[in-house]
Protein chains: 2
Amino acid sequence: MAPPYRRHVFICTNRRPPDAPRQSCAASGSEAIRDAFKKALAKRGLNQEIRANASGCLEACECGPSVVVYPEAVWYGPVSLDDVETIVEEHLVGGRPVERLRMDFSKIRKPAEKPAESKLPTVR
Amino acid sequence: MAPPYRRHVFICTNRRPPDAPRQSCAASGSEAIRDAFKKALAKRGLNQEIRANASGCLEACECGPSVVVYPEAVWYGPVSLDDVETIVEEHLVGGRPVERLRMDFSKIRKPAEKPAESKLPTVR
């Protein structure tokens, strides 16, 4: 296996401590999901052209376990172990993104707005 | 910062032991390169739309430290700390891939060919 790849799948394996205020993908089982993607591709002899990779935090924590497929930039989440075969078969092999598993970006917590700069004149 | 991103940069931070036969990106300084990408994007206020992520082994070890930019699937390597500002300015901001830093895929070790199956008849 060597780049470039026909498709490149990134599975977030970021892990936060159990008492962290935000959930994290590894704490929700994403390492097993990464392994399942790798196995499903190898089983089909596709791991020379499609690569599954662990990644750091994809910043979609509220929707995790998070997965993104490039170059088409299709995001999935939350992904379960049971979804892996579906994504591999329908999308990675068949070329049709799995609409029902697409990430709902509206559920992701946005960073707090920066407070507007003061319009008051500077006192000299 | 939240997906989807206009551009998504993955920096391999796989680390092998010092005595491993194949080099690895983290052992060649890729964690500092990842940090430099994150800082360069934040400095320009671009980290809401362009994300730099650590990744597992991208299987381009001989060309590492390895970096890939999606959705355009442009591969760079070996990338040095000094190259980060160039890639950010010319490619991520300017939209023009940095031709001189592109990865030479011919340098990557391919997996060994599987031996052909024997054509001899099975002895019963």
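The values are calculated or read from the model by the stated rules, or taken from the named source; none is laboratory data. The structure presented is a predicted model; accordingly, all values stated were derived computationally and were not measured. No Cβ is skipped: glycine too gets one built from the backbone with ideal geometry, and neighbour counts run over all protein chains shown. Ligands, DNA and RNA are stripped out before the accessible areas are found, and what is left, the full protein with its side chains, is counted by its heavy atoms. Shrake-Rupley method; radii C 1.70, N 1.55, O 1.52, S 1.80 Å.
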Check on B:Glu89, modelled with pLDDT of 95 or more, more than 15 Å from the chain's Cα centre (by Cα) and open to solvent by 60 Å² or more (accessible area, probe 1.4 Å): yes
Taking the condition of being touching a Cys at 6+ places or on another chain (Cβ under 9 Å), within 18 Å of B:Glu89 (Cα to Cα) and either open to solvent by 10 Å² or more (accessible area, probe 1.4 Å) or small (Gly, Ala, Ser) (or both), how many residues in region B:35-61 meet it? 0
Run down A:Asn53, A:Asn47 and say which single residue is within 14 Å of chain B (Cβ to nearest Cβ), polar (S, T, N, Q), without any contact (Cβ under 8 Å) to a residue 60 or more places away in the chain and in contact with a helix residue (DSSP H, G or I) (Cβ under 6 Å, 6 or more places away or on another chain). A:Asn47
Note on region B:92-111: residues farther than 17 Å from B:Asn14 by Cβ and either hydrophobic (A, V, I, L, M, F, W, C) or open to solvent by less than 60 Å² (accessible area, probe 1.4 Å) (or both) are B:Leu92, B:Val93, B:Gly94, B:Gly95, B:Pro97, B:Val98, B:Leu101, B:Phe105
So which residues in region B:59-86 are in contact with a strand residue (DSSP E or B) (Cβ under 8 Å, 6 or more places away or on another chain), in contact (Cβ under 8 Å) with a residue 40 or more places away in the chain and within 18 Å of B:Tyr5 (Cβ to Cβ)? B:Val67, B:Val68, B:Val69, B:Tyr70, B:Pro71, B:Glu72
Could you check how many residues of region A:62-82 are polar (S, T, N, Q) and open to solvent by 10 Å² or more (accessible area, probe 1.4 Å)? 1
Which pairs turn up if I take residues in region B:11-25 that are assigned to a loop (DSSP other than H, G, I, E, B) and look for partners that are open to solvent by 100 Å² or more (accessible area, probe 1.4 Å) with beta carbon separation below 7 Å, at least 6 apart in sequence or on another chain? B:Ser24/B:Arg15
Tally up the residues in region A:56-91 that are in a loop (DSSP other than H, G, I, E, B), touching a Pro at 6+ places or on another chain (Cβ under 8 Å) and aliphatic (A, V, I, L, M), please. 4
